[in-house]
1. Looking at the range 60-73 only, could you name the residues that are surrounded by fewer than 20 Cβ atoms within 10 Å (Cβ to Cβ), more than 12 Å from C107 (Cα to Cα) and touching a residue at least 40 places away in the same chain (Cβ under 8 Å)?
2. Just one of S143, S98 is surrounded by 14 or more Cβ atoms within 10 Å (Cβ to Cβ), among the hydroxyl-bearing types (S, T, Y), in a helix (DSSP H, G or I) and without any contact (Cβ under 8 Å) to a residue 40 or more places away in the chain; which is it?
3. Among the residues of the range 1-59, what is the count of those that are in contact (Cβ under 8 Å) with a residue 12 or more places away in the chain and small (G, A, S)?
4. Which of the residues spanning the range 89-130 are touching a Gly at 6+ places or on another chain (Cβ under 9 Å), of a type in the set (S, T, Y) and farther than 21 Å from F33 by Cβ?
5. Considering only residues of the range 150-188 that are acidic (D, E) and outside any loop (DSSP other than H, G, I, E, B), which is farthest from M126 (Cα to Cα)?
6. For the range 1-43, what are the residues that are outside any helix (DSSP H, G or I) and of a type in the set (S, T, Y)?
7. Picking from I35, I103, which residue would you name as being β-branched (V, I, T) and either touching a His at 6+ places or on another chain (Cβ under 6 Å) or within 19 Å of A180 (Cα to Cα) (or both)?
Amino acid sequence: MNTILDQLVDFAGLMKNNVPVTLMLLALFWGVFFISFLTGYRLNILGIYPRRFWGLPGIICSPFLHGDFNHLFFNSIPLFVLINFILIEGLTRLIDISLTIIILSGCAVWLLGRRAIHIGASGLIMGYFSYLLVNAYQHPSISSVILAVVCLYYFGGFLLDLFPREERVSWEGHLFGFLAGLAAVFIWSPHG
């Protein structure tokens with residue numbers, strides 16, 4: 001039986017091994033951003049525009065689109081941390097969780113969001129955040145509890161983003177991303 005110290009050493013090793021994959025995924029976000037920047041942000045038309053047929057591609061595309069450098073920069077920090085945390089469960093699990101959050105939150109924004117083009121990875125970030133918190137509760141282990149505590153300590157302020165504050169911020173994307181992360185825990189639970 002592993003001791004707590006052995007588990008912590010394994011956990012640290014996994015985190016270190018996950019960094020290259022996390023950086024490759026972030027490179028995808030930045031690559032899309034630079035293409036969008038070079039085209040005068042014309043790619044942002046591929047965001048979610050609620051209840052319009054031409055807004056449907058945004059369900060998949062919107063997390064990769066950002067309004068400006070600052071928008072993506074400030075999403076990159078939590079993306080780096082949270083992707084790395086979820087990668088502890090493996091790349092397949094990260095893909096499953098990411099697609100679940102993107103599709104569920106995107107569909108909800110398309111159905112219920114206010115009329116505006118909704119773009120950005122914030123919904124995905126909120127989904128990762130809620131997934132990690134609820135997963136620690138549903139399936140407690142040393143690593144899941146450490147991850148949840150770190151998430152709450154550093155990203156607890158995200159909970160304020162679930163409510164409308166600024167007109168140009170898609171609080172709907174935040175809220176539905178958060179709810180999609182909760183759903184992902186139950187959809188991908190190893191216990192059914």
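The numbers here are math on the coordinates, done by the rules we state, and not lab data. All figures in this text were calculated on a predicted structure; none of them were measured in a lab. Positions of Cβ are generated from backbone atoms using ideal geometry, with glycine treated the same way; all protein chains shown enter the neighbour counts.
1. Result: G67, H71.
2. Residue meeting the stated conditions: S98.
3. The qualifying residues number 4.
4. Within the range 89-130, T100, S130 qualify.
5. First pass over the range 150-188, keeping only residues acidic (D, E): 161, 166-167, 172.
If we keep only those that are outside any loop (DSSP other than H, G, I, E, B) too, we end up with 161, 172.
Details: D161: 9, E172: 11 Å.
Filtering the range 150-188 for residues that are acidic (D, E) and outside any loop (DSSP other than H, G, I, E, B), the one farthest from M126 (Cα to Cα) comes out as E172.
6. Initial filter on the range 1-43 (outside any helix (DSSP H, G or I)): 1-3, 39-41.
Passing the criteria: T3, T39, Y41.
7. On the way: I35 fails: either touching a His at 6+ places or on another chain (Cβ under 6 Å) or within 19 Å of A180 (Cα to Cα) (or both).
So the residue among I35, I103 that is β-branched (V, I, T) and either touching a His at 6+ places or on another chain (Cβ under 6 Å) or within 19 Å of A180 (Cα to Cα) (or both) is I103.
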